[in-house]
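What follows is a short report on a single structure.
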Amino acid sequence: MKYLAWIALIIVSGLAGVMSFQWFSADSSPKQAAVSNKVIATVPTNLFKITSSDGRFTELNNDKQLYIAYFGFTHCPDVCPTSLAVLSAALQGISEPQRQQLQSLFVSVDPKRDDPETVSTYAGYFHPDIVGLSPQEGQLLGLTQSLGVYYKYVDIPDSQLEYSVDHNSFFYFLNAQGELLAKVPHTIDPEPLVTKIQQLLPQ
């Protein structure tokens, strides 16, 4: 249950680890506000044909009106667990009808280590509604290029981990047609996520 311990550490420490996080892409300033509800980009829906290990997700479809995708990896030391804990808090801050229309996705940028079972288990530690996905390398490249997700593998000499993954940190809001409606930058407060969900899924 080391992931649960990570969540507890985040809460107890006041999310201190976030302060050292680097923003890696030119459009990922921490001062940036959530983007308006206009369509920002369109992702080919076939890139999201990724079956989760529990079968709860196979592709974008009209069973859900809104999808939130977060890109990270299970060996991430602080930013990913912080972001997923914040997403979990946001999911607890919306109404049940809104939750029924929403699907949250944790998409691994490290599919070599994050097989479908691993990423699914990891995502589930934070909230049962968050589905973990392990895309094929070609799918991952297509998704990240379409959405403007930055990630880079970085060698760690003399470490059992061998490498880590630098990545930016956004919550991407999409509809069932693969249209990117908004993105919210990394936050330690769930309120921006709750606000955006309520804007896109009015009760």
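The values are calculated or read from the model by the stated rules, or taken from the named source; none is laboratory data. The structure presented is a predicted model; accordingly, all values stated were derived computationally and were not measured. Methodologically, a virtual Cβ is constructed for each residue, glycine included, from the backbone with ideal geometry; neighbour enumeration extends over all protein chains shown. Side chains are part of the model used for accessible areas, which takes the heavy atoms of the whole protein and leaves out ligands, DNA and RNA. Shrake-Rupley method; radii C 1.70, N 1.55, O 1.52, S 1.80 Å.
For the range 127-188, the normalised intensity computed at q = 0.18, 0.21 Å⁻¹ comes to -0.88, -1.10 (log10 of I(q)/I(0), Debye sum over alpha carbons, equal scatterers, no solvent).
In terms of the mean number of neighbouring beta-carbon atoms within 10 Å, the peptides 116-128, 88-100 order highest first as 116-128, 88-100. Scanning residues 5 or more positions from V131 or on other chains, those with amide H under 5 Å from its amide H are S104, L105, F106, with H placed 1.01 Å from N in the peptide plane. If a/c stays under 1.5 just call it rounded; otherwise compare a/b with b/c (prolate if a/b is bigger, oblate if not). Do that for the range 58-145, with a ≥ b ≥ c from the square roots of the Cα gyration tensor eigenvalues. It comes out oblate by the Cα gyration axes.
Note on Q100 and D63: the model spin-label points, each 7 Å out from Cα along the C-beta direction, lie 1.5 nm apart. Rolling a 1.4 Å probe over the protein heavy atoms of the range 86-174, with every protein chain left in place, gives an accessible area that is 48 percent carbon and sulfur.
Given R0 = 25 Å, the distance between the Cβ atoms of T45 and K112 translates into a calculated FRET efficiency of 0.50. Centre-to-centre, using Cα atoms only, the range 87-146 and the range 157-198 are separated by 10 Å.
The lysine pair count for the range 44-203, using Cα distances under 28 Å and pairs eight or more places apart or on different chains, is 11.
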